[in-house]
Amino acid sequence: MKFAKLALIATVVAAAPVAANAQDVGTTIFSQEETPTEVGTVVSNDGATVLVDTGKHQAPLPANFFAQREGNWTINATKGQIDGMMDAQVAEANAKRDAALVEGAMVVSADGLPAGTVYTIDSEDTVIVQNDMGIVTLTRESFAVSPEGALMALYTGAQLGANTVEVPEGAEILTPAQARAKEAEMAATEEAAGATGVSM
């Protein structure tokens, strides 16, 4: 997760006896068990945080948690432990997002600009955000809660602006699923009215 905290990782991953300075991108990381197992592959390294792809998550891990042993870069945690901690962080982040993602909620862009308000959310997790320029259609997965606690779309203001659609005055705003549901409801109503007319 983009905003995953490292605190939970630190509770399980012990500092290695020899600090790592620069694991290269593509380097395979192993556990420090008696029989080492593969943990994942280095995706990026800025000198302070090493992003390791476990195959399930991209986990941000402090660089000083790694050590070189017998020619391999290792960490004092297994793939299962790291995936488990990341699962917990993702679940926590999603719960916060879902609590914040409600109709009428203010939305900011990934670069902190006002992006509008949540107009509607349908049963298929399609979200319409409305602003002064029109509407932009996103998915539930396109949102997160920022470190400041704001409901945030995972796109910049420029990206959201480029995908904003102007709404004609008086037009009804519906997601595709809501439009289909309304059409089905109208068809059922017309069918019922026709059946009533025949019986009479």
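The values are calculated or read from the model by the stated rules, or taken from the named source; none is laboratory data. Being a predicted model, the structure only gives us computed values, none of them experimental. Cβ placement follows ideal geometry from the backbone for every residue including glycine, while neighbour counts extend to all protein chains displayed. Quick note on the areas: whole protein, heavy atoms, side chains included, nothing else; ligands and nucleic acids left out. Shrake-Rupley method; radii C 1.70, N 1.55, O 1.52, S 1.80 Å.
Structure notes:
- Between the helical axis of 79-100 and the longest alpha-carbon principal axis of the chain there is an angle of about 30 degrees.
- Number of Lys pairs (Cα under 20 Å; 8 or more positions apart or on different chains) in the chain: 7
- Using C-alpha pairs below 8 Å separated by at least 6 residues, the relative contact order for the chain is 15 percent.
- Take the Cα of Gln159, step 7 Å toward its Cβ, do the same at Ala187, and the gap between the two points is 3.6 nm.
- Here the accessible area is traced with a 1.4 Å probe on the protein chains. For the range 54-116, carbon and sulfur cover 53 percent of it.
- Three-way shape label, the range 61-117, alpha-carbon gyration tensor, a/c 1.5: oblate
- Rounded tilt (10° steps) of 176-199 against the dominant C-alpha axis of the chain: 30
- Accessible area per residue for the range 77-200, computed on protein heavy atoms with a 1.4 Å probe, is 58 Å².
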